[in-house]
Amino acid sequence: MKTMRLFPLELRRLLQSRLTWLIMALTVLSPVLGLVLYKPATSTTMLSMYLANPAIAGGAAGAILFGLLAIFELDRARRSRVDILTDAVVSPLTTALTRLLALLTAAVLTAGLTMLVWLPISAGLIGSVFTGVNFLLAYLLLMGLALPLGILAAAAAYQFTRRADLSIVLFIAFCALSLTVWSAEWQLCWLNPCVWALSDDFSNFRVFRSVAWMRLTWLAALAGVWTVSYLCIRQYGKGIFGSLARSVRRIYRPAVALALLACSGTAYAAQPFIDNSNPDLTVMSFYEIPYAEGVTFLSRSAQVFPDTDAGTVTGRASYQFQNTSGQEQSISFGINPGYTISNVQANGTDVPFTVSDYQEYNEALLEVTIPAEEEVELTMEYSGFPQESMPTMQGGKELSSEYLCLENSALSPRVMNVMPGEAGYPTTIEITLPASMIAIPFSSSEAEVISENADGTRTWRYEANSAGGILYAGDYICEQIEAGGMTIEFYYGRKHQAVMAEAGAVDAVKAVVDYCTEHYGKLSYGTGDTLKLIQSRVAGGGYAVDGASLLDEADFTAANLGDVQKGGGAGEVMIHELVHQWWGLGNMFDTVDSTSPWSAEGLTVYTTYRIVKELYGEDYAREHYVDQWQQAVDDYYLNYYVRHPEYLEMLPENEQLAISNSLSQVRQYNEMPLKILKAEQLVGGEEAMDQILHDLFNRELDPMYPYLTYQEFLDACHLTEEDLNLG
Amino acid sequence: MGKIFRYECRRLLWNKFFIGLAVVLLLYGAFVLHAVTILGVAHTAPFSPWSFGDYLSRMMPLLWIGMLFFLTFYTSPQARRTAILTDAAPMPPKQYVLVRCAAALTGGVLLSLLCMAEAAVFYGRMFRWYSWGSLLLPALVTLLPALVFALGSGWLLGRLRPWLVYVWMAVPFLLAALSLPEAFGLWNGSFFTAHPLTLGVLDPDFVLPAAVLAAQLLLLIAGILLLQIAFRAAVPPGGSITRRAVRR
């Protein structure tokens with residue numbers, strides 16, 4: 001009661017302090033650090049650059065500032081040597097609780113102010129893909145919840161030590177731990193959440209859930225620690241243990257502390273987001289499981305029911321096997337480690353099964369014993385929160401009413417040790433989704449709606465032929481484009497419509513596919529008639545299978561489309577990114593060697609130049625491409641570190657890497673296209689170069705090393721490296 | 001006089017504000033050195049006078065603000081309220097102004113030296129480069145005129161209206177946004193990035209065109225003249241500084 005009576009007085013006193021307002025003002029300003037200095041989210045989506053980074057930086061700076069304010073405020077009476085008097089008037093325990101509440105209220109006010117100030121700034125920077133939900137969640141979770149953590153940690157440190165200097169050192173060390181040693185440990189980095197990317201076009205609930213989990217775990221932990229420190233507040237002239245012994249007489253106090261610490265420990269241990277996959281990615285023991293003797297695969301089907309509100313999946317899978325061995329056989333499945341398997345039956349009878357604790361490549365091993373009958377129908381149910389493997393790149397298992405991607409064992413248990421039957425692995429998948437979502441199998445299969453349900457959902461069905469399979473679904477727009485003699489189905493997020501329209505995406509796709517198909521040949525993963533180009537949620541790269549290819553949304557952000565290094569405008573950068581389907585995905589390149597300009601970018605930029613030349617004329621192409629390359633290459637050769645590499649070698653590794661990466665980019669994006677242009681002149685012109693590139697694109701691949709090398713390019717041109725020197 | 005100077009220096013430099021300013025300056029300096037200067041400007045070495053000059057130009061807005069903040073110790077309403085007591089000291093007002101300006105300039109110079117020392121440490125640690133003598137000229141022509149002008153103009157503006165000093169702090173940012181002619185290129189740092197490219201040689205020695213030198217001299221002289229006016233405006237104890245200055 002006394003606390004509640006004192007709280008308004010304490011809050012008013014706190015808000016009358018100039019230091020409080022200075023701390024609040026600095027905290028409100030601190031997101032600017034995320035724009036210029038501290039950028040933990042490495043992706044180039046607009047939300048990563050202009051929302052995640054400022055919010056995380058604001059959270060980290062704000063937590064530190066409020067922590068220091070908390071120490072300053074708690075030490076005020078002692079510093080002024082009036083603590084003996086104030087303690088005589090009000091119990092130090094009551095004072096501590098009141099001060100904590102006042103500080104937390106000031107933190108809430110500051111978070112609100114920060115959001116008000118940064119709302120228009122963020123909206124302006126992010127552009128058409130800005131949404132209020134993302135903004136609110138980012139500032140609440142990435143920034144807002146950091147402030148109470150800072151206050152609790154600092155206040156606890158002071159209450160334990162009762163010395164401002166010592167508690168500042170402890171608090172700063174605790175912050176430094178999060179920013180350095182724990183920065184890649186998603187559950188431990190309490191100050192700076194592990195967020196590498198936020199999607200512009202699709203939802204980010206998975207990432208936000210993960211951050212909220214981490215924050216609440218720490219909130220419980222630090223509230224518990226604070227409560228213990230509260231019990232240690234010195235009273236009646238006693239020391240730390242005497243005061244503790246006195247405070248614990250009211251049993252509910254230590255009980256609350258213990259309950260909070262236990263909650264935190266449980267939350268830490270039982271986190272549902274990340275699996276325990278073997279970190280050694282060279283181990284692939286699941287692929288070494290011997291095939292079940294005499295068992296062949298006939299067909300399978302699955303009914304999948306994603307819960308887009310909870311982010312969970314429920315499903316029923318059914319498998320038909322032929323068992324000619326005359327014995328019971330153990331069938332192995334890969335399942336997502338977040339799923340629980342139940343109700344496993346063979347021909348209507350319960351059969352034993354085990355799920356391994358060992359996990360590998362985001363899969364746990366489910367082993368089911370099937371009976372010694374010739375025809376076996378195995379059914380099972382699975383449900384749970386799909387887990388992912390990479391804690392520093394979370395978000396891949398996003399599941400909401402805007403987007404989902406269910407890959408292999410996350411879609412339904414994947415058979416691992418059964419030989420395919422005559423028809424291979426015939427599969428029928430049915431998935432029930434909200435009406436706003438389109439189901440897109442990542443293959444040549446087409447999904448169709450088989451029922452419209454009363455709850456506003458639709459059930460989609462598609463046939464495939466694989467033991468696994470990937471399904472994308474989301475609030476997509478599909479553009480059908482006739483180009484290169486085939487139908488391109490171009491899927492992109494509805495939120496990206498304005499950006500895509502501005503960049504002339506449809507025209508770019510048509511121009512690229514027509515040009516590249518005519519000059520270099522058809523994509524090997526196109527089925528001949530159709531090709532799906534699917535813009536995915538930010539994933540750090542793309543991949544392709546027969547009939548479908550993935551485009552990472554990060555390549556199509558407004559910022560990337562404005563990158564002059566890749567093209568003269570948004571439409572041309574769009575062309576550049578699409579050309580990567582031929583040079584980069586259709587023909588792969590090995591990891592970039594920092595000493596060589598050879599990479600997928602050289603041929604991609606050159607091809608972009610050729611397409612632009614065809615579209616807008618030679619003068620335009622020369623001005624916006626060749627002249628720009630020349631200028632950049634001239635600058636590159638004059639660069640001090642290029643002329644004096646010994647100084648580059650003197651630099652620490654990080655600085656060296658940053659500079660050589662930047663120089664390497666110039667070489668890849670400017671020097672290499674110029675070299676290819678020179679090669680074009682040396683081999684006899686554009687037609688001859690087109691023929692060479694056509695032959696290279698369609699060459700027979702070595703499965704052990706399928707990459708296109710610089711030497712292969714030089715050999716095809718009958719040139720040497722020296723011939724292409726630009727000096 | 002020496003005693004008062006030491007007292008004023010201690011008042012200006014031995015407080016949380018100076019330490020905070022120095023910390024901010026050092027942090028910003030580290031950021032500039034690691035993000036910009038390390039790359040070198042105009043194809044020159046990171047430790048060339050041109051790159052160093054560019055670094056100082058980038059630090060200049062903070063140094064300018066620091067210098068003007070020192071002046072707020074003397075021009076703030078609180079300081080003016082206590083002037084009636086301090087003016088009662090047995091010392092000619094002009095000398096007192098001189099001492100205070102010298103203390104503020106000392107503060108500015110110390111901050112500048114801090115920036116230069118940080119750069120020197122950076123060059124030594126990163127490149128094992130220690131020929132600091134070649135950096136004195138760019139430091140002198142960049143910093144001295146600007147700091148003296150900040151002192152003179154800031155003092156006068158602060159005497160007229162204390163809040164004008166805060167408005168004056170925005171000047172370097174305004175200059176950075178403007179496209180100035182080459183002669184005034186040192187005022188926003190564009191000189192260091194543009195001029196070496198016009199010399200037609202790689203790694204050119206540091207040279208100052210006559211026009212740039214004249215502009216800097218002009219700035220220095222203007223600063224000294226403004227200080228002169230400030231000294232003249234100083235009044236004996238009991239008089240009103242503002243009123244006298246306006247009457248003149």
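Points to keep in mind about this one:
- Annotation: lysines with alpha-carbon distance below 27 angstrom to A:Lys510 (same-chain offsets under eight excluded): A:Lys495, A:Lys522, A:Lys532, A:Lys566, A:Lys613.
- The reciprocal of the average 1/r between distinct C-alpha atoms defines the Kirkwood hydrodynamic radius, which for segment A:8-47 equals 12.5 Å.
- Cut-off 14 Å between beta-carbons: net charge of the residues surrounding A:Pro434, Lys and Arg +1, Asp and Glu -1: -4
- Computed over chain B with a Gaussian network model linking Cα atoms closer than 10 Å, the most mobile of B:Ala210, B:Ala30, B:Ala150 is B:Ala210.
- Shape of segment A:392-527, Cα gyration tensor, a/c cut at 1.5: oblate
- Kirkwood radius and radius of gyration were both taken over the C-alpha atoms of segment A:587-727, and their ratio Rg/Rh is 0.99.
- Chain A: proportion of alpha-carbon pairs further apart than 41 angstrom, %: 44 percent
- Cα→Cβ-extended label distance, 7 Å offset, between A:Glu328 and B:Val36, nm: 7.5 nm
- Point-charge dipole on Cβ atoms (K/R +1, D/E -1) for chain A, about Cα centre, debye to 20: 6640 debye
- Working from label points 7 Å from Cα in the Cα-to-Cβ sense, the A:Ser451 to A:Arg5 distance is 6.6 nm.
- Dipole axis of the protein assembly as shown (+1 Lys, Arg; -1 Asp, Glu on Cβ), positive-most option in A:Tyr669, A:Gln271, B:Ala177: B:Ala177
- Taking 17 Å as the straight-line reach from the Cα of B:Lys94, the lysines in range (excluding those fewer than 8 positions away in the same chain) are B:Lys3.
- Which of A:Tyr236, A:Tyr609 has the fewest Cβ neighbours within 10 Å, and the rest in rising order: A:Tyr236, A:Tyr609
- Counting Lys and Arg as +1 and Asp and Glu as -1 over every other residue whose Cβ lies under 12 Å from the Cβ of A:Glu489, the net charge comes to -3.
- Across the options A:Leu179, A:Thr105, A:Leu51, the greatest Cα extent toward the positive end of the charge dipole of chain A (unit charges at beta carbon of Lys, Arg, Asp, Glu) belongs to A:Thr105.
- Length available on full extension from A:Met419 to A:Glu381: 0.36 nm per residue minus the Cα-Cα distance, which gives 11.4 nm.
- Taking chain B as a Gaussian network of alpha-carbon nodes connected by springs under 10 Å, the highest mean-square fluctuation of the residues B:Leu136, B:Leu26, B:Leu178 belongs to B:Leu178.
- Modelled spin-label separation between B:Trp14 and A:Ala123, with each label point placed 7 Å from Cα along the Cα-to-Cβ direction: 5.3 nm.
- Theoretical FRET efficiency, 1/(1+(r/R0)^6), r = Cβ-Cβ of A:Thr487 and A:Leu29, R0 45 Å, to 0.05: 0.30
- Shown for A:Lys613, A:Lys532, A:Lys678, B:Lys16: other C-beta atoms within 10 Å of each C-beta, ranked fewest to most, produce the order B:Lys16, A:Lys678, A:Lys613, A:Lys532.
- If you take all other residues with their beta carbon under 14 Å from the beta carbon of A:Thr314, and give Lys and Arg +1 and Asp and Glu -1, the sum is -3.
Bear in mind these aren't lab numbers, they're just calculated from the coordinates by the rules spelled out. Just so you know, these numbers come straight off a predicted model, no measurement behind them. In this analysis, Cβ positions are derived from the backbone assuming ideal geometry, glycine residues included, and neighbour counts consider all displayed protein chains.
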